[in-house]
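First comes the structure, then the notes that go with it.
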Amino acid sequence: MSNSTLMDTKVGLQEITHVEQNQVLHQFFSSYGLTQRESEILALLATHGYTNREIAENCCISEKTVKIHLANIMSKIGIGSMRRLLALLFQQALLFSGLSGETSSVSSIRIN
């Protein structure tokens with residue numbers, strides 16, 4: 001994943017309040033049936049931009065376990081890339097925060 005894609009998502013999530021962030025994340029996690037650990041890992045990735053190593057250190061698990069959790073998350077959601085995962089989360093954040101009118105410019109961003 002490119003740093004610019006991750007930064008775009010991180011900046012987008014920072015545009016909404018902390019309470020809204022938590023609500024968006026909780027809604028996202030619930031709608032896809034993510035476990036508590038999967039939710040924790042995705043939250044660290046999306047809101048802090050942590051690497052797999054940083055997530056592993058924060059959660060006291062191995063990097064391999066982080067990769068397995070991320071693969072499980074993407075499988076549950078039915079997508080095959082981290083970019084699409086973050087784009088989906090970002091789009092949900094925009095819709096939740098009432099910025100959905102601006103999604104046309106977001107949807108024009110190419111996500112590989």
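Observations
- I79 being surrounded by 14 or more Cβ atoms within 10 Å (Cβ to Cβ), modelled with pLDDT of 90 or more, out of contact with any helix residue (DSSP H, G or I) (no Cβ under 7 Å at 6 or more places or on another chain) and assigned to a loop (DSSP other than H, G, I, E, B): no
- Which listed residue is hydroxyl-bearing (S, T, Y) and at pLDDT 65 or above, from T9, T5, T103, T65: T65
- Residues being within 19 Å of L88 (Cβ to Cβ), among the β-branched types (V, I, T) and out of contact with any Ser or Thr (no Cβ under 9 Å at 6 or more places or on another chain) - total across the stretch 14-40: 1
- The set of residues in the stretch 33-75 being open to solvent by less than 70 Å² (accessible area, probe 1.4 Å), not in a helix (DSSP H, G or I) and not polar (S, T, N, Q) consists of G33, L34, G49, Y50, I61.
- Residue match in the stretch 87-95 (condition: modelled with pLDDT of 90 or more and either assigned to a helix (DSSP H, G or I) or loosely packed, with under 15 Cβ neighbours inside 10 Å (or both)): yes
The values are calculated or read from the model by the stated rules, or taken from the named source; none is laboratory data. Please read these numbers as outputs of a predicted model, since none were measured by experiment. In this analysis, Cβ positions are derived from the backbone assuming ideal geometry, glycine residues included, and neighbour counts consider all displayed protein chains. The area values use the complete protein model at the heavy-atom level, side chains included, leaving out ligands, DNA and RNA. Shrake-Rupley method; radii C 1.70, N 1.55, O 1.52, S 1.80 Å.
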